[in-house]
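To keep things clear, I will list the structure first and then write my remarks on it.
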Amino acid sequence: MIELLFKKKYFYPDDYKKTVFDVDFKKLKTLGIENIFIDLDNTLIPYDIHEADQKTLALFDNLHKLEFQVFIISNNKKGRVKLFANMVESRYVYSAQKPFKSGFKRALKKVGYPDPKTVCLIGDQFMTDVLGGKRMGFYVIVVDAIKRNSEKWYTKYNRHLEKKILQRLRRNDYEFYERLKLTEKR
Ligand SMILES: [Mg+2]
């Protein structure tokens, strides 16, 4: 199973940035990206924070100004996702069940099923965001987790798998691994 996923390059993100604030959204536009799907937990806010700060509000302002179709795509529950999404005036999908496709499809449906190549997914986890996004054919940017110590047990388990994936990437495809310049201790 894992072998197959490696063969299909489902664990190969297209880019790596330390945080969402380091993403050059204007450049994404020139690459043909029209839709931004962003993970919530540990990509935009840590698990123990519920609200958006000024910097995050400004980030979403910029996304709206650049006329992206923006969705927060989260595996978390409705209450938490809705509260945050309303603050930043974004549409959202909760209980998305990444890496499965159903949550992404809920968002795609709302924007008329655009070409997957026009969708950029930004997230912090290889097992949910990178795997899910690449299965969909999206452009995937992986970022460092904001804060690891408040993660739940299943995320901790995913991190364990992630570590193995990263080791495998480094071993099998060092050139790719180096190009990505991953700095977080994964
Ligand atoms: Mg996350």
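Quick note: the coordinates plus some simple rules give every number you see, no bench work behind them. Please read all numbers here as calculations on a predicted model, not as lab measurements. Methodologically, a virtual Cβ is constructed for each residue, glycine included, from the backbone with ideal geometry; neighbour enumeration extends over all protein chains shown.
Descriptive notes on the structure:
- Neighbour counts of other Cβ atoms within 10 Å put ARG171, ARG80 in the fewest-to-most order ARG171, ARG80.
- Pairs of Cα atoms farther than 24 Å apart, the chain, %: 33 percent
- In summary, the convex hull built on the alpha carbon positions of segment 45-108 has an orientation-averaged projected area of 4.4 nm².
- Most tightly packed first, judged by the mean number of other beta-carbon atoms within 10 Å of their residues, the peptides 152-162, 10-20, 125-135, 27-37 read 125-135, 10-20, 27-37, 152-162.
- Lysines whose Cα lies under 25 Å from that of LYS110, excluding same-chain neighbours fewer than 8 positions away: LYS26, LYS27, LYS29, LYS65, LYS77, LYS78, LYS82, LYS98, LYS101, LYS134
- Projecting the Cα atoms of LEU166, ALA52, MET1 onto the dipole axis of the chain, where Lys and Arg carry +1 and Asp and Glu carry -1 at the beta carbon, places MET1 farthest toward the positive end.
- 3J(HN,Hα) along segment 156-171: 4, 5, 4, 5, 5, 5, 4, 4, 5, 4, 5, 4, 5, 4, 5, 6 Hz, from the Karplus curve 6.51 cos²θ - 1.76 cosθ + 1.60 with θ = phi - 60°, whole Hz, x for Gly and Pro.
- Rounded to 10°, Cα long-axis angle of helix 78-87 versus longest principal axis of the chain: 60 degrees
- Placed amide H near ARG91: partners under 5 Å, 5+ positions off or other chain: VAL70, ILE72
- Karplus 3J(HN,Hα) series, Hz, for segment 8-21 with 6.51 cos²θ - 1.76 cosθ + 1.60 (x for Gly, Pro): 7, 6, 6, 9, 9, x, 7, 7, 10, 9, 5, 9, 4, 6
- Given charges at beta-carbon only (K, R positive; D, E negative), |dipole| of the chain in Debye: 700 debye
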